[in-house]
1. Could you count how many residues in segment 210-231 are in contact with a helix residue (DSSP H, G or I) (Cβ under 7 Å, 6 or more places away or on another chain) and surrounded by fewer than 24 Cβ atoms within 10 Å (Cβ to Cβ)?
2. Residue 240 fails exactly one of the following numbered conditions: (1) farther than 24 Å from residue 136 by Cα; (2) more than 16 Å from the ligand (Cβ to nearest atom); (3) surrounded by 22 or more Cβ atoms within 10 Å (Cβ to Cβ). What is the number of that condition?
3. Condition first: part of a strand (DSSP E or B), without any contact (Cβ under 8 Å) to a residue 60 or more places away in the chain, more than 16 Å from the ligand (Cβ to nearest atom) and touching a strand residue (DSSP E or B) at 6+ places or on another chain (Cβ under 6 Å). Can you find one or more residues in segment 171-178 that meet it?
4. Of everything in segment 261-279, what is crowded, with 24+ Cβ neighbours inside 10 Å and under 21 Å from residue 195 (Cα atoms)? Give them in sequence order.
5. If I ask for residues that are more than 15 Å from the ligand (Cβ to nearest atom) and closer than 26 Å to residue 281 by Cβ, which ones from segment 152-168 would you list?
6. Which numbered condition trips up residue 247, out of (1) within 16 Å of the ligand (Cβ to nearest atom); (2) crowded, with 19+ Cβ neighbours inside 10 Å; (3) over 30 Å from residue 104 (Cβ atoms)?
7. Taking segment 248-279 as the search range and keeping residues that are farther than 14 Å from residue 181 by Cα and outside any helix (DSSP H, G or I), which one is nearest to the chain's Cα centre (by Cα)?
8. Out of all the residues in segment 88-101, is one or more within 16 Å of the ligand (Cβ to nearest atom) and within 18 Å of residue 228 (Cα to Cα)?
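A short reminder: the numbers here are calculations on the coordinates, not readings from a lab. This structure is a prediction, so every number in the text was calculated from the model and none was measured. Quick reminder, even Gly has a Cβ in these numbers, built from the backbone with ideal geometry, and neighbours come from all protein chains shown.
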Ligand code: ZN
């Protein structure tokens with residue numbers, strides 16, 4: 001009797017676990033949004049899709065904005081994370097409202113590089129991404145975020161939001177080693193030749209700075225430790241923002257790959273189960289995958 005009761009309990013536990021599973025086989029559901037970008041989205045979306053799938057954690061759908069923008073209505077609510085590889089025209093009001101609702105209720109968002117250029121006039125979106133660049137952004141968009149003397153500082157100096165010098169390899173420095181996305185990564189590591197986004201501006205609310213990159217004036221940089229990887233809490237929603245990843249070659253940098261994969265898992269479910277791979281870059285050596 002006792003045994004069968006235990007069996008029944010075990011069965012019930014299985015049933016509960018199954019019904020709580022986010023997708024078939026317990027996989028997390030990711031949606032990549034693309035379709036317009038001043039960057040090579042046709043090249044990078046398949047790479048992002050492959051990187052998500054190779055974790056063994058995600059199923060991936062892609063929503064590409066149609067020519068008739070009023071028909072763009074993805075069902076965000078069925079996904080644990082939306083990966084934004086988009087910099088283009090405004091979504092319809094109904095879609096913007098659905099996305100805000102999805103995020104407030106605990107959705108996940110990953111912002112890739114040029115995706116923080118989009119939607120300069122959508123206040124809620126700018127709160128989600130923390131910081132953005134270009135698109136007419138300036139001091140009215142919010143402060144710049146700097147890492148000075150061991151802490152995050154908001155800088156309200158006036159000026160345009162968003163700049164970068166010539167592409168070069170640069171070093172990332174971890175500023176929150178205990179965050180699940182960063183746990184186990186080296187304190188310093190080299191990122192492959194890329195644009196070092198600088199002077200980004202935005203609301204910068206509920207923001208956690210994970211890593212910065214020093215924008216060397218010798219490379220046309222600002223002389224500041226610029227935010228490179230950060231998270232934002234928006235309602236119950238989690239956002240991972242990486243300014244890395246200009247084009248396909250940058251998506252082969254192991255530092256980009258690993259922080260993207262871990263950031264996507266964290267945005268989807270608030271924890272990271274992935275191990276740090278042996279080929280992760282070091283403080284002075286870039287590491288690339290074929
Ligand atoms: Zn770029």
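1. First pass over segment 210-231, keeping only residues in contact with a helix residue (DSSP H, G or I) (Cβ under 7 Å, 6 or more places away or on another chain): 223, 229.
Then keep just the ones that are surrounded by fewer than 24 Cβ atoms within 10 Å (Cβ to Cβ); that gives 223.
The qualifying residues number 1.
2. All conditions are met except number (1).
3. The answer is yes; a qualifying residue exists.
4. Across segment 261-279, the qualifying residue is only 263.
5. Correct list: 152 only.
6. (2)
7. Narrowing segment 248-279 to residues farther than 14 Å from residue 181 by Cα: 248-254, 278-279.
Restricting the remaining residues to those that are outside any helix (DSSP H, G or I) gives 253, 278-279.
Working: 253: 16, 278: 23, 279: 22 Å.
Ranking the qualifying residues of segment 248-279, first place goes to 253.
8. Looking only at segment 88-101, we keep the residues that are within 16 Å of the ligand (Cβ to nearest atom), and these are 88.
With within 18 Å of residue 228 (Cα to Cα) added as a condition, the list becomes none.
No: zero hits.
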